[in-house]
Amino acid sequence: MAQKISEKVSEILGKIKTCMGFQKKGNKVDSFKLITSPAVLFVLALFAGMLIVYFYNAMPAFNREGLSVYLKDVWRAVENPSEEYYGLASAIWGSIYTSMIAILVALPLSIAYSIFVVDYAPKRIKNTLIITSDVMAGLPTIIYGIWGAFVLVPFLKDYVMTPLHRYLSFIPIFSYPPITGFSYFSAGILLGIMVTPFASAIIREAYQMTPFAYREAAFSVGMTRYEATKVMLGYIKPAMFSGVILAFGRAIGETVAVSLVIGNTFNLSANLFAPGYTISSLIANQFGNAFIYSHMLPVLYAAGLALFFIGLLVNSAGLYLLRRWEKNVSI
Amino acid sequence: MNEYAIETKNLKISYGDNEVIKGVDLKVLKNVVFALMGPSGCGKSTMLRAFNRLLELNKDAVVEGEVLLFGENIYSPDIDPIEVRRDVGMVFQYPNPFPHLTIYDNVAIGLKLNKLAKNKRELDERVRWALEKAALWDEVKDRMGDYPSDLSGGQKQRLVVARALAMKPKVLLMDEPTANIDPVGTKKIEELLFELKEDYTIILVTHSPAQAARVSDCVGFLYLGELIEVGSTKDIFEKPKNELTEQYVTGELV
Ligand SMILES: Nc1ncnc2c1ncn2[C@@H]1O[C@H](COP(=O)(O)OP(=O)(O)OP(=O)(O)O)[C@@H](O)[C@H]1O
Ligand SMILES: [Mg+2]
């Protein structure tokens, strides 16, 4: 009897193991898998838990204001709780706007940098260049923030924004007078500089790995170096795409550096030189106030949730397109 | 015009200190299939790439001597390598159509960039002509907008042939074009050679004496960077003068 039970137990255990994929064909337990699986479960649980915490804590804001917390552009933080009213539209807009500017800056920079490092840089300085950009990717972002606020913003204000505004202010995006220089534009440029090392690492790697056979093919039909380079860039489009997605993800999440240069003003405008807010700079700046005003904290959670979903959306859209593209052109 | 499509004079090629081609004098007649055969590593690919100046992509490679294309030295300073490459097409050891361009664009790209077609209609016609020449048109005419990833190895290789032919080159270099495709594909490519030599001079690199015997009119045997023997295919295979050549064609030398 006892034997039967133990047989049964080991049979069931065996089934469970097979189900969970712990057991390999040779009836041997893959102990590495056994050890690492809890880590995977832990990460998944953490992910789900975080999402739940955010939802739970944002709930009061949704109950009070509904979805308009995302759609309205107001920020009424007042003594009387019943008159408090918050909307995140300008911060969401600011996040997307500055991140897009960042991409517009980072993409050409990364492409040019990659081509230079791979094709033109003499062997001696090649490694120095690669290490430099890797170090720049790892710098604490506050370093960029301070440099941005005290060096980049004044420079952009005097030599880029002011002339553009003076001569092209009839174009709506240049119409806001760059008085302080703290603006979407400054934030976007700074972000672009900050994410370039990330985007360029991916693009450079891919460009370096383009099969020599395709280069030869390009030159063999009478292409110039410029034309061949263009064709090879077409070949690494998926990598550029991943680079852009990664850069966008970093740009939209960046907090400290952006807070220092964007002007932290509630504003919903396409005016490049106007100050604004981003979701993360808003959370960082308003965090202290959230303890003073009754209804603000749930709104900040709702803001975090928005960031979360934008990130998720961008990344999954990116992955989807990448997959589709790779399927089409797989070699 | 000169009776030789390609002629080399004391051609020497080295990678850094490593001399790979050691003074080769070679004459290739027009409108023939010339097979350049020899064991692996003897310098066939290297020499072939000197004929369209593709070797220049490799910064270590140094070319000395002369390569005459229809009597004109393509290494003289006033010659633009890009012009040379338009006149001398190339097919590679691994079928390498651009995976990110459509079948149509793979053939059209050289034409487009070199502005060899006046308008879309002319371009279409030229693409079709090249694909027909490469015996691929019937197989791809309904999917010109697809990417080449679904083509078989042999089809990809014929697409590369079409890409080269579209430029209307005078000489076609083929570096072991059948090394990486199946027997059916190989047969198709070999049949193609007979058609193509009407209009082009073909230099075919192969490490297979059997293939050289099947498809070529003339053969050159390259061994360790030296051209051991050149002659008509018949002579080389039936009464080789050099012992090494004899050993190679009988399969004793590998
Ligand atoms: N890019 C390069 N840099 C340095 N040496 C090279 C390079 N390419 C080839 N070599 C050397 O030159 C010699 C000839 O190589 P090559 O590729 O021309 O031979 P091959 O006859 O085409 O051989 P296979 O039949 O294997 O293709 C070899 O010893 C090779 O190691
Ligand atoms: Mg070779």
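The values are calculated or read from the model by the stated rules, or taken from the named source; none is laboratory data. Because the structure is predicted, anything quoted here is derived from the model rather than measured. As a convention, Cβ positions derive from the backbone with ideal geometry for all residues, glycine included, and neighbour counts pool all protein chains shown. Remember, those area values only see protein heavy atoms, side chains included, never the ligands or the DNA or RNA. Shrake-Rupley method; radii C 1.70, N 1.55, O 1.52, S 1.80 Å.
Label point 7 Å out from residue A:167 along Cα-to-Cβ: which residues of region A:89-121 have amide N under 13 Å? Inside the label zone: nothing. Once you have the Kirkwood Rh of chain B from its Cα pairs, apply Stokes-Einstein at 20 °C and 1.002 mPa s and quote D in µm²/s. Stokes-Einstein gives a translational diffusion coefficient of 115 µm²/s. The trypsin sites (Lys or Arg not before Pro) of region B:64-126 that DSSP puts in a loop, and whose beta carbon has at most 12 other beta carbons within 10 Å, are B:115, B:118. Normalised by residue count, region B:109-235 yields a Cα convex hull volume of 128 Å³ per residue. Measuring only protein heavy atoms, the 1.4 Å probe finds residue B:207 accessible over about 100 Å². Screening chain B for DSSP H helices whose Cα atoms reach 30 Å or more along their own axis and whose mean Kyte hydropathy is at least 0.5 gives nothing.
Filter A:230/B:115; B:12/B:44; B:168/B:197; B:9/B:170; B:30/B:234 down to the pairs with a C-alpha to C-alpha distance above 22 Å, please.
Values: A:230/B:115 16 Å; B:12/B:44 13 Å; B:168/B:197 13 Å; B:9/B:170 20 Å; B:30/B:234 18 Å.
None, as every Cα separation is 22 Å or less.
Highest mobility in the GNM of chain B, judged by mean-square fluctuation with C-alpha springs under 10 Å and restricted to B:178, B:233, B:102, is found for B:102.
Only the Cβ atoms of Lys and Arg (+1) and of Asp and Glu (-1) were treated as charged; on that basis the dipole of chain A about its Cα centre amounts to roughly 1320 debye. With a Förster radius of 30 Å applied to the C-beta separation of residue B:208 and residue B:9, the computed FRET efficiency comes to 0.55.
Calculated FRET efficiency, residue A:175 to residue A:151, Cβ-Cβ distance, R0 = 22 Å: about 0.25 to the nearest 0.05.
Within the listed set B:24, B:107, B:161, the residue fluctuating most in the Gaussian network model of chain B (springs between alpha-carbon atoms under 10 angstrom) is B:24. Within chain B, the longest segment free of exposed loop sites, counting GluC sites (Glu not before Pro) that fall outside DSSP classes H, G, I, E and B and have at most 13 other Cβ atoms within 10 Å, spans B:4-197.
In the protein assembly as shown, a dipole from Cβ-located charges (positive for Lys and Arg, negative for Asp and Glu) runs towards its positive end, and of B:101, A:257, B:24 it is A:257 whose Cα lies farthest in that direction. Scanning chain A for trypsin sites (Lys or Arg not before Pro) in DSSP loops with at most 13 neighbouring Cβ atoms within 10 Å leaves A:29-331 as the longest stretch between them.
So if we plug the beta-carbon distance of residue B:194 and residue A:39 into 1/(1 + (r/R0)^6) with R0 = 56 Å, what FRET efficiency do we get, rounded to 0.05? Write out the running numbers ahead of the final one.
On the way: r = 63 Å, r/R0 = 1.13.
Here the calculated transfer efficiency is 0.30.
As a size descriptor, the averaged projected area of the C-alpha convex hull of region A:83-330 was calculated at 16.4 nm². Legend: helices of chain A (whole DSSP H runs) are marked when their alpha-carbon atoms reach 18 angstrom or more along the helix axis and their mean Kyte-Doolittle hydropathy is at least 1.0; marked are A:31-65, A:89-115, A:184-208, A:237-253, A:296-329. Applying a DSSP loop filter and a limit of 16 other Cβ atoms within 10 Å to the trypsin sites (Lys or Arg not before Pro) in region B:15-54 leaves B:30. Considering only Cα atoms, the convex hull volume of the protein assembly as shown works out to 267 Å³ per residue.
Taken per residue, the accessible surface of chain A reaches 54 Å², heavy atoms only and a 1.4 Å probe. For region B:23-65, heavy-atom accessible area (probe 1.4 Å) falls by no less than 50 Å² from the chain alone to the full protein assembly at B:57. Placing unit charges on the Cβ atoms only, positive for Lys and Arg and negative for Asp and Glu, gives the protein assembly as shown a dipole magnitude near 1380 debye about its Cα centre. Contact with the other protein chains removes 20 Å² or more of accessible area, compared with the isolated chain and a 1.4 Å probe, from these residues of region B:83-101: B:85, B:92, B:96, B:98, B:99, B:100.
In this simple spin-label approximation, residue B:129 and residue A:46 carry label points 7 Å from Cα along the Cα→Cβ vector, and these lie 6.5 nm apart.
Under the combined filter of DSSP loop state and at most 16 neighbouring Cβ atoms within 10 Å, region A:243-331 retains these chymotrypsin sites (Phe, Trp or Tyr not before Pro): A:287.
With each label modelled as a point 7 angstrom along the Cα→C-beta vector, the residue B:18-residue A:129 pair spans 2.6 nm. With a simple spin-label model that places each label point 7 Å from the Cα along the Cα-to-Cβ direction, the separation between residue B:30 and residue B:76 comes to 1.9 nm.
Across region A:213-331, Cα-Cα pairs farther apart than 17 Å form 70% of the total. Mind checking which of A:186, A:269, A:220 has the largest fluctuation in a GNM of chain A, springs on alpha carbons under 10 Å? The residue with the greatest mean-square fluctuation here is A:220. Just the protein heavy atoms count here, and of the accessible area of the protein assembly as shown at 1.4 Å, carbon and sulfur take up 61 percent. Summing both sides, how much accessible area is buried between B and A? Use a 1.4 Å probe and give Å² to the nearest 100. Looking at B and A, the buried total is near 2100 Å². Residue B:138 contributes about 120 Å² of solvent-accessible surface, heavy atoms of the protein only, 1.4 Å probe.
Using Cβ point charges alone (K and R +1, D and E -1), the dipole size of region B:59-114 about the Cα centre works out to roughly 360 debye. Interface residues of region A:232-248, defined as a loss of at least 10 Å² in heavy-atom accessible area between the chain alone and the complex of all protein chains with a 1.4 Å probe, are A:234, A:235.
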